[in-house]
Amino acid sequence: FVSDFAPARELAYLADVARLEYAVGQAYHAADAAPLSLDFLRALPLDRLESATAVLHPSTHVVASAYPIVSIWRRHMSDDEITPLELDHGEEALVVRPELAIKVAALPAGGSAFVDALRSGGTFGEAVNAATAVAADFKLTDCLRELLLTGAFVAFSVAHST
């Protein structure tokens with residue numbers, strides 16, 4: 001609707017910010033689930049991470065945009081004075097509500113493809129391939145950090161070696 005709304009056409013980013021806000025609403029009403037503790041993650045065998053799969057929190061959403069939608073959204077959610085913002089780069093938003101607080105974070109380029117691949121049952125290796133197909137310089141550690149800090153993971157499954 002917003003992208004076709006004539007009075008909003010001058011604000012090209014507005015449709016993507018509306019998609020982010022919709023994701024926030026969806027996350028708010030999503031089912032509850034306990035996020036994985038960092039203790040569990042410390043015990044994860046890194047040598048088998050490539051073949052591991054993950055279950056994401058039911059509230060997890062991603063929104064990719066050619067505009068800095070996370071920065072725009074945060075500025076409008078703050079009581080601070082709104083200052084000019086460069087619109088010459090995109091951002092990929094991660095929205096999660098583990099417990100009672102909505103968390104919105106910016107993922108590195110390719111992060112939304114990574115999350116989408118995990119959500120569809122792909123392994124970490126497949127998710128990295130999906131992310132690097134979109135962004136050759138995909139930063140896995142930055143993406144995992146945001147996913148862990150926001151509580152986006154609720155389970156991992158690691159294939160047992162035979």
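Between Ala135 and Glu81, what length comes free when the chain is fully extended (0.36 nm per residue of separation minus the Cα-Cα distance, one decimal in nm)? Can you show the working numbers first?
On the way: separation 54, 0.36 × 54 = 19.44 nm, distance 3.33 nm.
Separation in residues times 0.36 nm, less the Cα-Cα distance, equals 16.1 nm.
Relative contact order for the chain: 28 percent, from Cα pairs under 8 Å spaced at least 6 residues apart, divided by residue count. Peptides 120-132, 91-103 ranked from most to least packed, by the mean per-residue count of other Cβ atoms within 10 Å: 91-103, 120-132. Put a plus charge on the Cβ of each Lys and Arg, a minus charge on the Cβ of each Asp and Glu, and nothing anywhere else: the dipole of the chain about its Cα centre is then about 420 debye. For the peptides 24-31, 51-58, 104-111, the ranking by packing is 104-111, 51-58, 24-31, with the highest mean count of neighbouring Cβ atoms within 10 Å listed first.
If Lys and Arg each add +1 and Asp and Glu each add -1, what is the summed charge of the other residues whose beta carbon sits under 13 Å from the beta carbon of Val128?
Value of the local net charge: -4.
Give the residue from Tyr13, His57, Leu94 lying farthest towards the positive end of the charge dipole for the chain; charges sit on Cβ (+1 for Lys and Arg, -1 for Asp and Glu) and the dipole is referred to the Cα centre. After comparing all options, I get His57.
Calculate for the chain the 222 nm mean residue ellipticity that helices alone would give, adding -39,500 (n - 2.57) per DSSP H run of length 4 or more and normalising by residue count, nearest 500 deg cm²/dmol. Don't jump to the answer; show the numbers that get you there.
On the way: 6 runs with 59 residues, N = 162.
Estimated from H runs of four or more residues: -10500 deg cm²/dmol.
Which of the three applies to the stretch 19-137, rounded, prolate or oblate, going by the alpha-carbon gyration tensor with a ≥ b ≥ c and a/c under 1.5 meaning rounded? Here the stretch 19-137 falls in the oblate category.
Were the residues from Glu50 through Ala66 laid out at 0.36 nm apart, the gain over their Cα-Cα distance would be 2.8 nm. Let me make sure I get this right: for the stretch 71-162, a, b and c are the square roots of the gyration tensor eigenvalues over alpha carbons, sorted descending. Under 1.5 in a/c it's rounded, otherwise prolate if a/b > b/c, else oblate. Which is it? Since a/c reaches 1.5 but b/c is at least a/b, the shape of the stretch 71-162 is classed as oblate.
Throughout, read-outs are computed from the coordinates displayed, never taken from laboratory work. Keep in mind the model is a prediction, meaning the values are calculated, not measured. Please note: Cβ atoms are built from the backbone with ideal geometry, for glycine as well, and neighbour counts cover all protein chains shown.
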